[in-house]
Amino acid sequence: MDVLLGLQWGDEGKGKIVDVLAPEYELVARFQGGPNAGHTLEFDGIKHVLHQIPSGIFRSNILNIVGNGVVLDPIIFKKEIEGLGKFEIDYQKNLVISKKATIIIPSHKLLDAAYEKAKGDKKIGSTLKGIGPTYQDKIGRSALRVGDILSPEFDEKYNALVAKHKTILSFYDYPTDELEGMEDQFFEALEFLKTLNLIDSEYAVNEALDADKRILAEGAQGSLLDVDFGSYPFVTSSTTMTAGACTGLGVAPSKIGEVFGIFKAYCTRVGSGPFPTELFDNDGEDMRKEGNEFGSTTGRPRRCGWLDLPALRYSIMINGVTQLFMMKADVLNIFEEIKVCTHYELPNGERIDKLSFEVMQSEAKPVYETLKGWNCSLKGIRDYEKFPQELNAYVEFLEKELNVPIKLVSIGPDREQTIMR
Ligand code: GDP
Ligand code: IMO
Ligand code: MG
């Protein structure tokens, strides 16, 4: 099983690349996260954003798996499938859902909002999809799982969980008036969910591996949002790294093959939290405009900045990345000079090149190396030998610094704008 994941703060272009690589695989599986993800695919002039459905769904010979590590919102899932109506996808053949995936219930979304409100200006900037509260209930051993919806005791379990949530919400003095309307949609969506293939996906995955079928595990979010290794507490609530693919699908670590690490040629982040190379000047504004850096899930403007090598090296280390894919190189076309952060300077003047606990807690200042930009369009290029010399120099500089080969460079959102090296 190969794993593809984001090495930064999410939105690196995972959806595009899963779709590009999918023909080489027989299964594509999501292993964590939920509707906080927004994975964009563009082909044949159509743009589509997927939230919970794996990005192999547009390839008719691929089995797409929603793994046990995912938190699933049935309302959003139903809407997503309805939104794909025009593609004539065979959901019975091409999609299965783990019975052990956790269900996001409506009151989880209210809790998410209540917790964020209580944090005031220390808020995480959550997508408010109920991700944190649902994983809390999973770890707290009181969550509902997809398999539960088939049980006659479901209503009883549901009511117990909602009662607990209402107690917490009243403690936070958070209104619950919306809940009734949300519940109508929720129960309707559960009936829809029951019509899909709900399975013990760990068997499907391992039987496929035994039959030498190729599986691509599709990460959501990014390593710097990982609950252990990200910029805690400004993270998501799941394990976004390679190890998460093992627990989120039921696959042994020894079965992991290639680990594809995706990064943008610069950095973005949406939501709060440290971002050492963030730009507050015109360069940042230009990057946002050129890269159309607005959230795929919430529409929020993404914070933009230069590439951060210590952070990238850290992500490569914790994930065991074997191949790097550099995305959105075309967005840097507009710059005469490109900066890359090689070190941080701590408030006490100390220079370090590690993403230490202190760097994420303090106002670490980036130390940059400046490279010459290519400053021209990459339109129509289909071969890396046709890249402007400065772009090749940028790629080679990064390879040397990161010590992992950059095997793919993406120069536009479409499937076709993907250059293999
Ligand atoms: P994901 O969450 O990692 O799947 O990424 P998102 O879909 O949230 O954000 C990536 C955005 O960049 C999407 O709008 C993509 O269509 C777009 N994109 C992907 N690759 C490229 C690229 O090489 N160049 C440009 N300009 N846009 C890209
Ligand atoms: P994809 O898969 C970018 C961010 C949120 C917030 C923090 C916690 O599209 O790359 P959560 O809703 O999980 O409680 O939010 O994580 N975040 C993402 N940022 N891309 C994502 O997913 C994200 N999913 C969550 O903005 O800062
Ligand atoms: Mg995204």
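The values are calculated or read from the model by the stated rules, or taken from the named source; none is laboratory data. Small disclaimer: the values here were computed from a predicted structure and weren't measured. Glycine also receives a Cβ, built like all others from the backbone with ideal geometry; neighbour counts cover every protein chain displayed. Note: areas computed on protein heavy atoms with side chains; ligands, DNA, RNA excluded. Shrake-Rupley method; radii C 1.70, N 1.55, O 1.52, S 1.80 Å.
Rounded to the nearest 10 degrees, what's the angle between the helix 389-402 long axis and the longest principal axis of the chain, both from Cα atoms, 0 to 90?
60
Select from Gly250, Val146, Gly271 the residue farthest towards the positive end of the dipole of the chain; place +1 on Cβ of Lys and Arg, -1 on Cβ of Asp and Glu, and compute about the Cα centre.
It is Gly250.
Placing +1 at every Lys and Arg Cβ and -1 at every Asp and Glu Cβ, with all other atoms neutral, what dipole size does the chain have around its Cα centre, in debye to the nearest 20?
Dipole size: approximately 240 debye.
What aspartates and glutamates could a cross-link reach from Lys194, if we take a straight Cα to Cα line under 13 Å and drop same-chain neighbours fewer than 8 places away?
Candidates past the 8-residue exclusion: Asp148.
Rounded to the nearest 10 Å², what accessible area does Lys117 show when all protein chains are kept and the probe is 1.4 Å?
Answer for Lys117: close to 140 Å² accessible.
Can you list the residues, at least 5 places off or on another chain, whose amide H is less than 5 Å from the amide H of Ile103, using H built in the peptide plane?
Leu72, Leu144, Arg145, Val146
Is the C-alpha gyration tensor of region 1-113 telling us rounded, prolate or oblate? Criteria: a/c under 1.5 is rounded; beyond that, a/b larger than b/c is prolate, otherwise oblate.
It comes out rounded by the Cα gyration axes.
GNM on the chain, C-alpha springs below 10 Å: top fluctuator among Glu188, Glu156, Glu396?
Glu156
Say each of Arg214 and Asn282 gets a label point 7 Å from the Cα, pointing the same way as Cα to Cβ; how far apart are those two points in nm?
4.7
Per residue, how large is the accessible surface of the chain? Use a 1.4 angstrom probe and give square angstrom.
On a per-residue basis, the chain sits at 43 Å².
Does anyone have the angle between helix 106-119 and the longest principal axis of the chain? Alpha-carbon axes, 0 to 90°, nearest 10?
Taking the Cα atoms of the chain, the angle to 106-119 is about 50 degrees.
Using the alpha-carbon atoms, what tilt in degrees (0 to 90, nearest 10) does helix 74-83 show relative to the longest principal axis of the chain?
The angle comes out near 60 degrees.
Keeping the other protein chains in place, figure out the carbon and sulfur percent of the accessible area of region 234-318, with a 1.4 Å probe.
Summing carbon and sulfur atoms, their accessible area is 54 percent of the total for region 234-318.
Specify whether the C-alpha gyration tensor of region 120-237 places it in the rounded, prolate or oblate class, a ≥ b ≥ c being the square roots of the eigenvalues: rounded for a/c under 1.5, otherwise prolate if a/b is larger than b/c and oblate if not.
Taking the square roots of the gyration eigenvalues as a ≥ b ≥ c, region 120-237 is oblate.
When ranked by the protection proxy of mean other Cβ atoms within 10 Å per residue, highest first, what sequence do the peptides 218-224, 274-280 form?
218-224, 274-280
Rounded to the nearest 20 debye, what is the charge dipole size of region 9-161 about its Cα centre when +1 sits on each Lys and Arg Cβ and -1 on each Asp and Glu Cβ?
Computed charge dipole of region 9-161: roughly 420 debye.
Holding the Cα-Cα limit at 21 Å, pick out from Lys117/Lys164; Lys16/Lys372; Lys264/Lys289; Lys47/Lys129 the pairs that are longer than that.
Cα-Cα > 21 Å for Lys16/Lys372; Lys47/Lys129; rest within.
Among Gly181, Gly15, Gly130, which one shows the highest mean-square fluctuation when the chain is modelled as a Gaussian network with alpha-carbon springs under 10 Å?
Maximum fluctuation in the GNM of the chain, among the listed residues, is at Gly181.
Could you grab the relative contact order for the chain? Cα pairs under 8 Å, six or more apart, rounded to a whole percent.
Computed value for the chain: 20 percent relative contact order.
Restricting to DSSP H runs of at least four residues, report the calculated mean residue ellipticity at 222 nm for the chain, -39500 (n - 2.57) per run over all residues, nearest 500 deg cm²/dmol.
It comes out at -9500 deg cm²/dmol, rounded to the nearest 500.
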